[in-house]
Structures are given as C-alpha cells and as structure tokens.
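Written out below as structure tokens is the structure these notes cover.
The values are calculated or read from the model by the stated rules, or taken from the named source; none is laboratory data. Since the structure is predicted, the reported quantities are computational estimates derived from the model, not experimental observations. No Cβ is skipped: glycine too gets one built from the backbone with ideal geometry, and neighbour counts run over all protein chains shown.
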Amino acid sequence: MKERIITAICLLIVVLPLIYLGGYWFMGLILIAAGIATLEMIAMHDQLEKVLFGAKAITFLGIFLVILMPHIRETLILGALAMMFLLILSMCIKNQGDIRFYLLIIPYIGLSFRALIEVRNHSLELLFFSIATVILTDSAAYFVGRCLGKRKLAPTISPKKTVEGAIGGWLVGFGFAFMFALTQNLFAEMWVLVVLAICLPILSQIGDLVASAFKRHYGIKDYGKLFPGHGGVMDRVDSQLLAAILIYVMIQIGGVV
C-alpha cells in the first residue's frame, strides 16, 4: 500500500500540471501515454502470437492519426484506412498471428485517448468532471466491495469485484457527477446531465471489466510495470476510456456548454 501511495503522489505531481496547462502540454502527455498503452497491448498479445512488424507499424500509425487529426471526419477516414490495411493483411498472410486484435486496438486506444484531448480542449472543468467521477466510482466500488461485498459480479473475469461494490460505486459516482455538473452548469440540457450522471459510473466499471477480460484471457496480472504498485498505463486509464468517449459524443452533438 505504501508503494502505491508514493507512486500515486509522484504521478499527480507530474500529471496535474500538464492537465492544467492543456494545449500542447496535455497533447504530449496523451501521445506518450497512448504510445506506451499501445506497446503494452502489443506485448500482451505477442505472448501468444507473433505478428508482422508491418501490422504493428500500421497499428501505431492508425492510433496516432486518430489522436492527432484535427477534424472528426478525417480522423474516422484515416482510422478506417489503417484498419482496412490490417484486414487485408489478415486475409492475405497465413500463420502471422491474429491481426484482428490489432484492428480492435486502433479504435479502443485511438478514439479513447483522442476523446480525452477533446474533453480537455473543451474545458478543464469538464475533464475534471470525467476523471473525478471515474476515480470516485472505482474507489467506492473497491471499499464497499471489501466491506459489504458477498455476491461476485463477474467471477470469471475479475473474481474480487462484487455486485454490492458495483452498486456502491455507481451510487457515489452518480451523486458526485450530478451535483458537480449541476453546480458548475456544464451541460446545455438537464437530460444530458442525467444521462452522463447515470452512464459514466456504469461505463467506468465496464471499462475496468473489459481491461480485466483482456488480462484474464492472456494470463497476465498487469499490463506493465511502469508504475510500481499500479501496473502499466492501461491499468491506470482503463476505467477512463469509455467514459471519455461518451463525453466526447456529447460534445459533438452540442450537449455540453
């Protein structure tokens, strides 16, 4: 526990100023994090099946294009092209591993990290709203689960998670999201606030379970060892990814002030 706390404090010292500064500082942070997350996913998959270097290079290119392109239309087109090249490789090359996995991580990593940039570009308060909701949801789920948890939520994916913990996490996440957004006047309509307050804690826990399912399938405990006591980048951001994409969608449809 001491190691986890020290690592968390060091991370906050480095990350919080970059989040506050925004702009190219935050984009640089996201690009580094996305690159490491991609390496972690590739290393995880390579334990079972080796894939052509070209497929890995196209995957990196697709992810960084999705993150860096200024307009959503061009982003989707270029991301789709990278995925198409990978699909062609998977059909034309035999015995070179499961390239379909690489098709998956382009949108999984690319769109989610791009969403974090879009949320920060919109406002610092909106990014804080997203990050804080997810952290409080995860923390409450952990502590409620330890104190009151009896029924397993997904025993084959993450044996320590409980139904009681999930409910407790959702209640805390919903309460914070609703009250913070209401007082900060972040959203154009009340229905947007309600949808996000309900869905963000749920997506946070689903994102965590998705990441746990990958780890369970590949037989690993953590995605990496970059952060002592915390694992890798994907271990730290897994709960944030789907939540950021939902807020990104709300920004695109004009639901955010």
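Pick from the stretch 209-257 the residues that are assigned to a loop (DSSP other than H, G, I, E, B) and aliphatic (A, V, I, L, M): which of them is nearest to GLU49 (Cα to Cα)? Per the criteria, the residue is ILE220. Taking first residues from the stretch 224-236 that are closer than 19 Å to VAL134 by Cα and hydrophobic (A, V, I, L, M, F, W, C) and partners that are surrounded by 18 or more Cβ atoms within 10 Å (Cβ to Cβ) and modelled with pLDDT under 85, no Cβ contact under 6 Å between residues at least 6 apart in sequence or on separate chains turns up. Being out of contact with any helix residue (DSSP H, G or I) (no Cβ under 6 Å at 6 or more places or on another chain) and in contact (Cβ under 8 Å) with a residue 12 or more places away in the chain holds for only one residue in LEU29, LEU48, LEU21, and it is LEU48.
In the set ALA8, ALA34, which member is of a type in the set (Gly, Ala, Ser), under 20 Å from the mean Cα position of the chain (by Cα) and closer than 27 Å to ASP98 by Cα? Just a single option satisfies the conditions, and that option is ALA34.
Residues that are surrounded by fewer than 19 Cβ atoms within 10 Å (Cβ to Cβ), over 21 Å from the mean Cα position of the chain (by Cα), assigned to a loop (DSSP other than H, G, I, E, B) and hydrophobic (A, V, I, L, M, F, W, C) within the stretch 149-195 comprise just one, ALA188. Residue pairs whose Cβ atoms lie under 7 Å apart, sitting 6 or more positions apart in sequence or on different chains, and linking a residue in the stretch 112-125 that is within 12 Å of MET27 (Cβ to Cβ) to a partner that is part of a helix (DSSP H, G or I) and hydroxyl-bearing (Ser, Thr, Tyr), are ARG114/THR75; GLU118/TYR248. So in the stretch 207-224, with the set limited to residues that are surrounded by 15 or more Cβ atoms within 10 Å (Cβ to Cβ) and hydrophobic (A, V, I, L, M, F, W, C), which one is farthest from TRP170 (Cα to Cα)? Residue satisfying both the conditions and the ranking: ILE220.
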